[in-house]
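The values are calculated or read from the model by the stated rules, or taken from the named source; none is laboratory data. On a predicted model such as this, the values are computed, not experimentally measured, just so you know. Reconstructed Cβ throughout: ideal geometry from the backbone, glycine too, with neighbour counts over all protein chains shown.
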Amino acid sequence: MKQTVLAAAMVMVATSALAQSAAEKSGVNSLVGVPPKAEDFVMEAATSDMFEIESSKLAVERADAATKTFAQQMIQDHQKTATELKQLVDSGKVKIALPTAMTEAQREMLDKLKGLQGEDFTDQYHSDQVDAHEDAVDLFKRYGEEGDNADLKAWAAKTAPALEHHLQMAKDLDK
């Protein structure tokens, strides 16, 4: 009997954790303004940095001069935020493991970029940057306002204005 109750409790906990992540992943939390859980925030922030860095490295190789300048800034800034997040985790202030790879959707976007050249590449990179930074601004603002880890919340609030600037730069490039 105790084993059955324990198993049922474990399923309920696992299901509720998955539901929270699914709500964040699906965008439902964003639509209703619910802050992500710390685990979701760390995962999304870290994988977003990975995508920004890798896609921007491609842009430095393949794009026009204005896009290359933007891409170099993205590499520099997102390496900085990735380092800051890692320091929060390494310090013990955030007890969440950092992801080691991008999400499947991000890998697919990167693979698509790898298959493009010239104007097709540049147009797709610009579009991806606008989309990625819209998501990042939303994520960081929601967590910075109501996050459940004080250190992460402060970092998100401090970082959000730079991401808003990146979004405006990406929109200006995409015109």
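Here is a yes/no grid of residues against (1) under 18 Å from Q73 (Cα atoms); (2) hydrophobic (A, V, I, L, M, F, W, C); (3) in contact with a helix residue (DSSP H, G or I) (Cβ under 7 Å, 6 or more places away or on another chain):
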| position | (1), (2), (3) |
| --- | --- |
| D120 | no, no, no |
| D128 | yes, no, yes |
| E134 | yes, no, yes |
| F140 | no, yes, yes |
| G144 | no, no, yes |
| N149 | no, no, yes |
Note on T100: of the conditions (1) out of contact with any Pro (no Cβ under 6 Å at 6 or more places or on another chain); (2) hydroxyl-bearing (S, T, Y); (3) part of a helix (DSSP H, G or I), unmet is (3)
Just one listed residue, out of A59, A45, is in contact with a Leu (Cβ under 7 Å, 6 or more places away or on another chain) and modelled with pLDDT of 95 or more, and it is A45
Conditions (1) in a helix (DSSP H, G or I); (2) among the hydrophobic types (A, V, I, L, M, F, W, C); (3) more than 19 Å from V42 (Cα to Cα) -> L116 fails only (1)
Can you spot a residue in the range 82-102 that is charged (D, E, K, R), free of Cβ contacts under 8 Å to residues at least 12 places away in the same chain and within 25 Å of A160 (Cβ to Cβ)?
yes
Checked the range 130-175 for anything buried (at least 19 other Cβ atoms within 10 Å of the Cβ), over 19 Å from A82 (Cβ atoms) and touching a Pro at 6+ places or on another chain (Cβ under 6 Å); matches are R142
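Can you tell which of A71, A65, A82, A97 is farther than 23 Å from A150 by Cα, surrounded by fewer than 19 Cβ atoms within 10 Å (Cβ to Cβ) and among the small types (G, A, S)? Let's see the steps before the verdict.
Values: A71 fails: surrounded by fewer than 19 Cβ atoms within 10 Å (Cβ to Cβ); A82 fails: farther than 23 Å from A150 by Cα; A97 fails: farther than 23 Å from A150 by Cα.
Going through A71, A65, A82, A97 in turn, the sole match is A65.
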So, first residue under 13 Å from A132 (Cβ atoms) and free of Cβ contacts under 8 Å to residues at least 60 places away in the same chain in the range 162-175, second residue assigned to a helix (DSSP H, G or I) and not aliphatic (A, V, I, L, M), Cβ within less than 7 Å, six or more apart or across chains; the pairs are L163/H133; L163/F140; L167/H133; L167/E134; D174/H126; D174/S127
In the range 29-79, anything of a type in the set (D, E, K, R) and in a helix (DSSP H, G or I) is listed as E39, D40, E44, D49, E52, E54, K57, E61, R62, K68, D77
